[in-house]
1. Quick one: if the Förster radius is 60 Å, what FRET efficiency do residue B:321 and residue A:88 give, using the C-beta to C-beta distance and rounding to 0.05?
2. If packing is taken as the average count of other Cβ atoms within 10 Å, what order do B:115-121, A:126-132, B:131-137 fall into, highest mean first?
3. Determine which aspartates and glutamates satisfy two conditions relative to residue A:138: a Cα distance under 17 Å, and not lying fewer than 8 residues away in the same chain.
4. Excluding residues on the same chain fewer than 8 positions from residue B:200, give the lysines whose Cα lies under 16 Å from its Cα.
5. Give the relative contact order (percent, whole number) for the range B:191-292; include only Cα pairs under 8 Å separated by 6+ residues.
6. Residue by residue through the range B:190-207, what is 3J(HN,Hα) from phi via Karplus (6.51 cos²θ - 1.76 cosθ + 1.60, θ = phi - 60°)? Round to whole Hz and write x for glycine and proline.
7. Normalised by the residues of chain B, what does the relative contact order come to in percent, with Cα pairs under 8 Å and at least six apart?
8. If you count, for every residue in A:44-57, the Cβ atoms of partner chains within 10 Å of its Cβ, what is the mean?
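Quick note: the coordinates plus some simple rules give every number you see, no bench work behind them. This structure is a prediction, so every number in the text was calculated from the model and none was measured. Cβ placement follows ideal geometry from the backbone for every residue including glycine, while neighbour counts extend to all protein chains displayed.
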Amino acid sequence: MIEDNTQPAPIIELSGVTKEYRTKATFFSKGYTNVMAMDNISLTLQRGEIFGLVGQSGSGKTTLGRLLLKLESPTKGIMKFNGKPINDLKGKDLKTYRSKVQMIFQDPYQSLNPHLSIAETILEPLIVNKIGDIHSRKEKVIETLDTVSLAPGKEYYDRFPHQLSGGQRQRVAIARAIVLDPEFIVADEPTSMLDATIAIQLFKLLQQIRKKYNMTFLFITHNLAAAQFLCDRIAVIHDGVIVETGPTDRVIQQPEHPYTKKLIQAQPKFNF
Amino acid sequence: MTLLQVENLSVGYKTKKGILHAVNDISFTLEQGRSLGFVGESGCGKTTIGMTLMGLLPENAVITQGAIHFNGSNLLHFKDEQWRNFRGKGISMVFQAAMNALNPVIRVDEQIMEAIEVHSPDIPKTEIYKQVKNLFNMVQISEDRLRDYPHQYSGGMKQRAIIAMALACNPKLIIADEPTTALDVIVQDQILQEIKKIKKALNTSVIFISHDIAVVADVCEDICVMYGGQIVEKGKREEVFKSPRHPYTKTLLASYLSLDSDKNIKVLEIQKPPDLITLTGGCRFADSCKHKSKNCENHTPGWVDLSPTHQAFCFEDILNKDNND
Ligand SMILES: Nc1ncnc2c1ncn2[C@@H]1O[C@H](COP(=O)(O)OP(=O)(O)OP(=O)(O)O)[C@@H](O)[C@H]1O
Ligand SMILES: Nc1ncnc2c1ncn2[C@@H]1O[C@H](COP(=O)(O)OP(=O)(O)OP(=O)(O)O)[C@@H](O)[C@H]1O
Ligand SMILES: [Mg+2]
Ligand SMILES: [Mg+2]
């Protein structure tokens, strides 16, 4: 971490953040049931770090990402970005915030608009935020496609999502997220569809981007080996509660919580 | 008994820039009750093979050569009507990202009943419902969840329901395309054990597609490694993973991250995936291969036998060179 006397505020600060979903009554059951997707989460991310969030399916990882993107609001708790509360951002401030914070969604089959070509998909954020002109935008799109190894970019420009393989779609989603050079990216299982050679290249890419732009990442994953490779610190989440946080190597080599131990046990073994 | 024999299959997609050769001259066989895994990087053609076997290629696809013999018939001669009767019964497929394909407004049990009814309209409803219960037992979803809607299921439960649906008509072969990609490792492990159990109990053949070598190594007895639309190495699981010979297979294994991986794991230079529209004729992996020679750029590789069951698509001198370092 960079030493600095002025002690800048952490880029992200969550205190006591809780998210409860109220599921609608069904035809047969009256009343509501509540799902506690996140329970009293407190977390601090320093600028420039890659922070890992690991945990089982349904433990609340994506929910945290959606809250940080302000796609949803917490039921309770305070969220801060660069020292300022973001709970009540509206209008222009919200728009500015959203251009600085991006999310790579878990499932590219759902997150890409099937009616937009690859070029349009990646152009859209540039147009919405009025960045550059026609020419510079086109250049930026091709450059970004190259960055995520959809090369030559020109070949993918006019294709539609259904004309791409699953992994190629995911790379388009990544391209879309980085095209605005955001300060903070939530990457929700960005490599679960990619093979080892490409996943590791992508990790290297994230590391380069982090170094070059001092970008901060929240990296959501089931894959502890990926977290170990990429993250400075990790938090283990179980049923909406953070059960363990610490430097990645410490958590993986000396896990304290039983759930962390179980997770390490279940990692696929590949020994021949 | 040989259940499936694919011979010299090539499949392309028509695009604005010309034909994209997604699957190129692929051959493999599968015995009844055995499991075959396809691994390879994103875009190498794995799903295309599955869709061809299901007769579900999109409009712009063309099968340019080959034959697919399944249980005595050549599937490529099937008419639409024959495909409809065959799907689900002969071969069924768990599609990539299928979890999202469950109809959100129909109860899970009704969706599975429908899958059975399509093929057996004469069986009484009560009988079908018994079958549905059996299937749920098999994939270990408790009966009191039968009447749920899909959104009430967790990711792992949805995937089990999808597998139950694929099993509904007792197919001879199941193709599972990345069935565990979206699941956490604990649930993934349960699903893989489930698939192995079903295969054993019903003597079903399995084609398992994944980019994750550990997952494929767990489930499959035989392995095909693909690169750029071609199979580049095939053999028994132990042969391919213990003594990989094709340079791409070695690369793939070397980049696999595990908890005991070295932080300084050697990462290859960014490989540009081969351009599948303008093919040059040389080896498709040549650009990323550290052993490439002039030969590799100008000549098409050939199959080299490494054992009666283990082959690599490369040049003999390259394979030997690579073995010594
Ligand atoms: N819109 C919603 N309505 C009701 N419940 C919801 C909603 N969204 C999420 N949940 C519930 O909140 C919990 C947390 O979900 P979340 O998607 O954050 O999990 P996750 O950790 O991302 O899981 P996965 O690894 O499977 O993606 C789950 O129990 C889920 O069913
Ligand atoms: N409908 C289509 N039109 C044009 N090209 C297509 C179409 N569908 C797939 N392709 C291309 O064909 C190639 C093979 O795609 P396929 O979906 O079979 O890959 P895959 O091995 O399953 O990849 P993944 O692991 O990412 O799912 C890719 O380069 C893809 O972009
Ligand atoms: Mg999630
Ligand atoms: Mg695929």
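1. On the way: r = 65 Å, r/R0 = 1.08.
So the FRET efficiency works out to roughly 0.40.
2. B:131-137, B:115-121, A:126-132
3. A:120, A:124, A:146, A:155, A:158, A:181
4. B:172
5. Relative contact order comes out at 18 percent.
6. Whole-Hz 3J(HN,Hα) from phi for the range B:190-207: 4, 5, 5, 4, 4, 4, 5, 5, 5, 4, 5, 5, 9, 6, 7, 7, 10, 10.
7. Details: 561 pairs, mean separation 65.1, N = 325.
In percent, rounded to a whole number, it is 20.
8. 2
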